[in-house]
Amino acid sequence: MEQSAPFVGRAVELARLGTALSEGGRMILVTGEAGIGKTRLIGEALRRASEARAVLLTGGCLPLTETLPLLPLADALREFVQAPDSRLLDEVLAVVPPYVHAEVGRLVPRLVKPAQVHDASGAEWRRERLFTAVGELLEEIARRVAVTLLVEDVHWADDATLDCLTYLAHAAHRPTYVVTCRSDEASLDPPVTAWMNHIRRQRNVEEIRLDRLSGEEVEQQAAAILGAPAPTMLVRELQARAEGNPFFVEQLMAAAVGGSQGDQLRLPSGVPAGLGEFLVDRTQHVGADARRVLEALAVVGRPVTEALIVEITAINRGGVRAALKELAASRLLADRTPDGRYRPRHALLAEAVVAELLPGERSELHSRAAEALEGLADTRLAAEVAGHWAAADRPTEELRARLGAADAAERMFAYDEAATHRLRAIELCRQVPEQARPRGLEVPDLYVQAVDAFKASGNGLRADEVAEEAYRLFADHPDRAVAAVIHARAADYRSIDSAETGLEMVEEALRLFEGVPPSTDHAAALFLHSNLLRNAGYSVRGRGSLRRALEVAEAAGSPLVSRLLSVLAHDRFVHAELEQGFELLERAWQLIDADTDAESVEWLANIESNVLLKTQKLEEASRVALRHLDAIQRGGRADSFGACLLAGNAAEALIGVGRIVEAAALLEPRTSGSPTRDRWILDLERAHLDTIRGGLQAAARRIQQIRALPIGGSLEFNRDIAQYAADLELWRKRPAEAVREVETALEYLDGADEIQLCGSLLVLGLRACADRAEAARAGRDDSGVQFALAAAGRIESWRDRQTADPLGDSAFFRAGSAERALWNAERERLTSTSQPDLWDLAAKHWEAMSRPHHAAYSRWRQAEAQLLAGQQLDVAAAALRSAAAAAAGHAPLIAEIGALARRARISLEPPSSAAMAAPATPDWGASYGLTDRELLVLRLVASGRTNSEIGAQLFISPKTASVHVTHILRKLGVTNRVQAATVAERAGLGDDTDRA
């Protein structure tokens with residue numbers, strides 16, 4: 001990297017950056033306002049670094065009218081590929097996997113062989129696969145030489161570049177990544193802001209923020225430019241006007257040196273207050289050709305070659321070369337890139353120059369820039385070309401480029417951008433006569449493609465809006481096939497708000513498809529019809545539509561065949577025909593290419609992981625879900641609803657086996673914001689995770705937000721929400737609210753298919769009744785007891801009237817026996833005769849299925865029942881220790897186990913490592929001569945407990961409790977319980993036990 005001006009100051013920042021570069025394996029974020037010297041600092045640090053740091057790859061983001069996905073990565077890798085010495089490149093390419101050639105070839109076509117080039121189909125949407133390939137290539141280079149990837153001006157970055165940098169930051173091992181970003185933008189794009197907030201929190205990311213130069217440093221810079229001490233008055237003026245911005249200082253000094261006469265060195269007096277006006281004023285000193293070249297560079301908005309400048313300006317090569325020399329001498333050009341490209345000195349300069357052009361001049365230059373870029377025959381530039389045609393007000397040419405930009409964006413997995421290009425193409429079709437449009441272009445097709453692209457990006461709300469607009473315009477299209485597709489797309493999204501409306505609309509779509517040749521769209525409509533019927537409880541009709549969808553898909557040779565087979569497999573699983581189900585699922589997997597059909601992978605992986613969840617093979621379910629989730633991310637569909645559903649399955653499995661840290665690592669990055677309609681399933685699992693970790697308020701808030709979303713009337717989804725909400729209310733010690741959650745859910749689940757999925761909900765309901773009854777009995781609240789018994793009767797009645805027992809045994813719903821054991825134990829607890837043997841049986845069932853938290857809950861209740869039954873203390877201690885060990889990660893359950901251990905004076909440490917003893921006596925208690933047991937009793941007295949309640953809490957008789965209270969009153973020197981409670985409260989002795 002060449003330096004065109006002296007470097008001054010920044011000693012601390014330079015040292016930090018130098019250290020980071022020498023250590024490697026991290027991302028360095030250099031931030032500061034425009035012109036503050038970010039690039040200069042990096043250049044100086046790299047110049048001073050060890051010569052072993054042999055490879056610097058540089059790419060920059062540009063303020064283009066249209067975003068160009070992964071532009072800086074493409075430029076950086078192209079620089080490496082075009083290096084004169086190709087030995088390193090050859091060594092690296094010889095060892096990286098073949099897919100790296102193909103994927104990186106999307107960015108640098110020279111890397112890919114013709115046979116490896118893929119078409120522009122949707123199967124090419126494999127974003128994470130591309131990122132992985134880039135990472136592997138850089139890592140392989142770094143194995144041989146130290147390498148730094150510099151990405152400049154990330155404030156202009158596209159979403160794909162931000163995502164790739166996030167991936168590289170997490171995967172950093174040997175390479176060093178340096179990223180620059182302006183901190184003075186009035187408003188960064190929301191994706192850039194979100195990226196900055198996220199990346200700053202990463203462990204291996206270091207941020208270096210550059211402030212303005214001090215007055216002394218400005219003086220040093222001016223002296224370095226002059227090669228001699230600068231006059232005092234000039235320095236003072238420079239400090240006042242440049243305000244410590246090194247770029248402003250440099251520009252002011254350049255104008256002073258170039259405009260002064262004789263020995264008089266002064267800043268130009270006529271410079272306007274705004275920097276833009278001043279920069280434009282600087283350009284007035286250059287000749288006409290130089291001005292024309294600068295205008296072309298400013299309009300084109302990207303570094304360009306001398307040859308391209310010739311095309312845009314229509315100046316001969318000699319004239320362009322002379323103009324470039326003049327601009328360089330006037331410091332109006334940035335340092336030339338390694339491949340010989342030119343751009344204005346600063347983006348602000350380019351903006352100022354463009355603003356000075358007359359409308360006709362701008363239009364002409366944009367047209368010539370579009371033509372020149374089109375001549376490069378690089379489809380990745382289509383968005384940029386479209387932007388130039390738009391600026392030139394040439395709709396016919398823009399429409400053609402816009403369609404190419406949409407295809408290019410899809411190849412780069414930039415779904416939102418692809419959809420946006422298609423929507424712009426729709427607008428242009430209103431301006432361009434039909435005969436001037438590309439042959440075969442139909443506006444309804446553009447709408448459908450935009451809907452599908454938004455859906456793939458996870459932007460379901462936008463897809464919904466576009467689908468509705470298409471329905472308003474084309475529901476009555478004369479072509480039945482077109483009208484049918486429009487109806488089906490609208491039905492898909494209307495069904496989210498109203499299943500009944502969606503069902504009516506998709507049935508109209510199916511009527512329109514009658515007599516039309518078989519197609520994927522027809523099969524998809526039948527598939528949607530089947531899903532809506534089944535969700536509404538019409539399973540027989542739903543299976544009929546599913547079989548018909550398979551017939552149409554097979555006749556059309558559609559990729560939907562594999563997805564339909566997976567749903568048929570699910571039906572087999574539900575009916576406990578596991579062997580037949582797995583045969584169908586295997587057949588479905590054989591029909592797809594997991595590397596190219598990410599959407600089908602979503603379906604099949606969701607079905608397979610769901611089956612493993614239901615059959616209680618949770619470890620295998622997590623492995624399957626995570627493995628295929630990785631493939632889906634490489635396929636570019638990481639934000640689709642199917643990917644969120646699969647991540648939810650993985651999280652559910654991890655939580656189920658007690659791997660809380662791993663579940664958190666999966667969920668937290670995906671649930672950092674508020675729930676949305678497209679990602680709420682992950683937020684529901686996050687609420688469950690927060691409950692387990694003790695974040696009960698956060699979990700309640702998240703569930704409330706989920707319920708405010710328009711997520712439709714799916715019985716399964718609403719059952720899951722109710723189940724997690726009831727579980728949360730139980731740990732919040734609000735059993736009556738948990739009962740209401742369960743009963744409300746059971747109302748709409750009455751008679752539903754897959755009734756055995758309601759087993760957990762039923763058990764939670766009965767547990768809530770038992771909790772309410774226990775609390776009511778302790779408070780002598782007869783009405784509370786009656787409420788609990790009545791609710792339990794209604795829940796049991798609901799179970800009895802179902803066609804199948806929700807707690808019955810099944811080869812598919814394998815949790816039935818364990819849930820039935822829990823049900824029986826909770827029913828006994830409801831009537832205040834909790835049976836240790838029943839809890840032991842339930843625990844053994846859960847332990848056999850490797851469900852530690854469920855087993856821990858059962859062991860806790862077992863120990864409690866044993867203590868209440870007066871069994872040997874060591875017997876209860878064994879159960880309680882087992883509960884404590886299995887409850888790891890479940891904060892509320894651990895708290896309950898600890899509270900019971902304190903009340904029963906049980907140590908949770910194994911007998912071999914710790915004697916059974918009461919907690920250490922606080923100094924305050926010792927000063928009054930209170931024993932450990934008396935301290936526990938005093939806490940309960942302070943909370944207003946009666947002798948009977950104290951006895952129940954501490955597993956002693958009311959008479960023994962009374963004796964303890966008498967001793968406490970005597971030792972404290974008080975005459976009644978109120979005075980004792982006052983003394984305890986003033987001493988900070990609250991009740992640290994929990995009500996049973």
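Considered as a group, the residues in the range 176-199 that are outside any strand (DSSP E or B) and farther than 25 Å from Asp416 by Cα include one that is modelled with the highest pLDDT, and that residue is Ser183. Could you look through the range 617-630, keep only residues that are touching a residue at least 60 places away in the same chain (Cβ under 8 Å) and surrounded by fewer than 20 Cβ atoms within 10 Å (Cβ to Cβ), and pick out the one that is farthest from His854 (Cα to Cα)? This residue is Asp630. Among the criteria (1) within 29 Å of Arg411 (Cα to Cα); (2) touching a Ser or Thr at 6+ places or on another chain (Cβ under 8 Å); (3) buried (at least 20 other Cβ atoms within 10 Å of the Cβ), the one Ala436 does not fulfil is (3).
For the range 651-687, residues that are over 22 Å from Arg637 (Cβ atoms), more than 18 Å from the chain's Cα centre (by Cα) and in a helix (DSSP H, G or I) total 3. Under the condition of being assigned to a loop (DSSP other than H, G, I, E, B) and of a type in the set (Ser, Thr, Tyr), the residues counted in the range 557-589 number 1.
If the condition is being of a type outside the set (Gly, Ala, Ser) and touching a Leu at 6+ places or on another chain (Cβ under 8 Å), then the range 424-442 contributes Ile426, Leu428, Cys429, Val432, Arg437, Pro438, Leu441.
In the range 734-742, is there at least one residue being surrounded by fewer than 19 Cβ atoms within 10 Å (Cβ to Cβ) and in contact (Cβ under 8 Å) with a residue 24 or more places away in the chain? Looking through the range 734-742, at least one residue is surrounded by fewer than 19 Cβ atoms within 10 Å (Cβ to Cβ) and in contact (Cβ under 8 Å) with a residue 24 or more places away in the chain. The numbered conditions (1) touching a strand residue (DSSP E or B) at 6+ places or on another chain (Cβ under 6 Å); (2) in a helix (DSSP H, G or I) are all true for Val235 except (1). If you go through the range 257-277 one residue at a time, do you hit one that is modelled with pLDDT of 80 or more and part of a helix (DSSP H, G or I)? Looking for residues that are modelled with pLDDT of 80 or more and part of a helix (DSSP H, G or I), one finds none in the range 257-277, hence no.
If the condition is being among the aliphatic types (A, V, I, L, M), more than 13 Å from Glu608 (Cα to Cα) and part of a helix (DSSP H, G or I), then the range 618-646 contributes Ala631, Ile632, Ala643. Taken over the range 664-677, residues that are in contact with an Asp or Glu (Cβ under 8 Å, 6 or more places away or on another chain) and closer than 26 Å to Pro852 by Cα amount to 2.
A Cβ distance below 7 Å, combined with a sequence gap of six or more or placement on separate chains, defines the contacts here; from the range 696-719, residues that are at pLDDT 80 or above reach residues that are not in a helix (DSSP H, G or I) in the pairs Leu696/Arg732; Arg702/Pro675; Gln705/Ser674; Gln705/Pro675; Ile706/Pro675; Leu709/Pro675; Leu709/Arg677; Phe717/Ile711.
The values are calculated or read from the model by the stated rules, or taken from the named source; none is laboratory data. Model, not experiment: these values are computed from the prediction. Reconstructed Cβ throughout: ideal geometry from the backbone, glycine too, with neighbour counts over all protein chains shown.
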